[in-house]
Amino acid sequence: MFRKQLHWQFEGAIAEIIRHNFRDVPIKTLVISFTHPHKALSSREGFKEVSAVCNNFNPPQLWDFIHQNWELYLAEIIVDLKLLPSKVAILSTGVDIDHCAFKVEEYEGLNVSAFVTAGVESNAMRIGVDKAGGIEREGKFEQIGTINTILLANACLSESAMVRSLITVTEAKTLALQDMDIRSSYDPNIQATGTGTDNVIIVSGEGPDVSYCGGHCKIGELMARAVTLATKEAILKHSNTRSG
């Protein structure tokens with residue numbers, strides 16, 4: 001494995017991109033490791049106590065396999081990264097991790113960091129308007145493609161605050177798509193609100209106690225601004241690389 005240390009910094013955390021292989025196919029994983037366990041909420045896995053959170057990039061040649069063997073794939077790469085499955089929250093994407101965007105927002109001791117990867121070319125949709133093209137059958141889905149967001153807060157978030165922050169993050173992501181006039185991949189006449197497989201991880205810190213993360217409180221403002229800016233940058237990074 002080849003590790004690339006990033007210039008991203010966060011209290012008690014180290015972020016790095018690890019280049020490794022899955023069955024001889026090169027993959028990359030963003031790994032954010034903590035000096036001690038943190039409370040996290042994953043839209044994939046629910047609440048967990050984690051020592052690391054990850055965002056994995058898998059290239060197109062693996063997608064057919066992953067469609068049919070999703071949990072096996074994740075289990076093997078977690079072992080390859082030498083992490084404990086019970087202590088890691090992981091997301092996965094077809095967007096190159098090198099296109100990840102990182103933004104920090106701070107105010108009087110509050111600190112929020114957002115890591116975002118975003119691909120909107122083939123899977124952007126206006127939820128509830130565009131018809132769903134995939135269905136879960138015995139735990140398997142038909143599509144891959146996503147906006148993945150990892151949000152770290154230095155505040156100690158209550159469980160209800162962590163759940164409410166999912167709304168804040170989602171609104172902020174949608175705002176970024178609206179500002180950039182991202183169109184539905186299925187109907188270019190309407191704006192997209194996200195992709196069909198977006199996911200979020202929220203990580204709580206050990207700073208001031210926070211019980212609410214909506215738009216009327218400062219931490220909600222910081223979360224929203226960090227996610228909106230990071231989402232816009234991530235879309236541009238990925239789009240510019242593909243067009244170039």
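The values are calculated or read from the model by the stated rules, or taken from the named source; none is laboratory data. Worth saying up front: this structure is predicted, and the values here are computed from it rather than measured. Neighbour counts are summed over all protein chains in view; Cβ atoms, including those assigned to glycine, are modelled from backbone coordinates with ideal geometry.
Things to note:
- Search result, residues across the stretch 200-224 that are of a type in the set (A, V, I, L, M) and farther than 15 Å from L166 by Cα: none
- Taking the stretch 52-68 as the range and being of a type outside the set (F, W, Y) and out of contact with any strand residue (DSSP E or B) (no Cβ under 9 Å at 6 or more places or on another chain) as the test, the residues that pass are P60, D64.
- Of residues in the stretch 18-32 being among the basic types (K, R) and part of a strand (DSSP E or B), the one nearest to S92 (Cα to Cα): K28
- Selection within the stretch 13-40: residues that are surrounded by 15 or more Cβ atoms within 10 Å (Cβ to Cβ) and among the polar types (S, T, N, Q). The member of this set that is farthest from M162 (Cα to Cα) is T29.
- Residue list for the stretch 79-106, filter: assigned to a helix (DSSP H, G or I), among the aliphatic types (A, V, I, L, M) and in contact (Cβ under 8 Å) with a residue 24 or more places away in the chain: I97
- Qualifying positions in the stretch 105-115 - at pLDDT 95 or above and among the hydrophobic types (A, V, I, L, M, F, W, C): V112, A114, F115
- Condition check for A118: at pLDDT 95 or above, out of contact with any Phe, Trp or Tyr (no Cβ under 7 Å at 6 or more places or on another chain) and surrounded by 15 or more Cβ atoms within 10 Å (Cβ to Cβ): no
- Check on S92, modelled with pLDDT under 95, under 17 Å from A234 (Cα atoms), under 14 Å from the mean Cα position of the chain (by Cα) and of a type outside the set (D, E): yes
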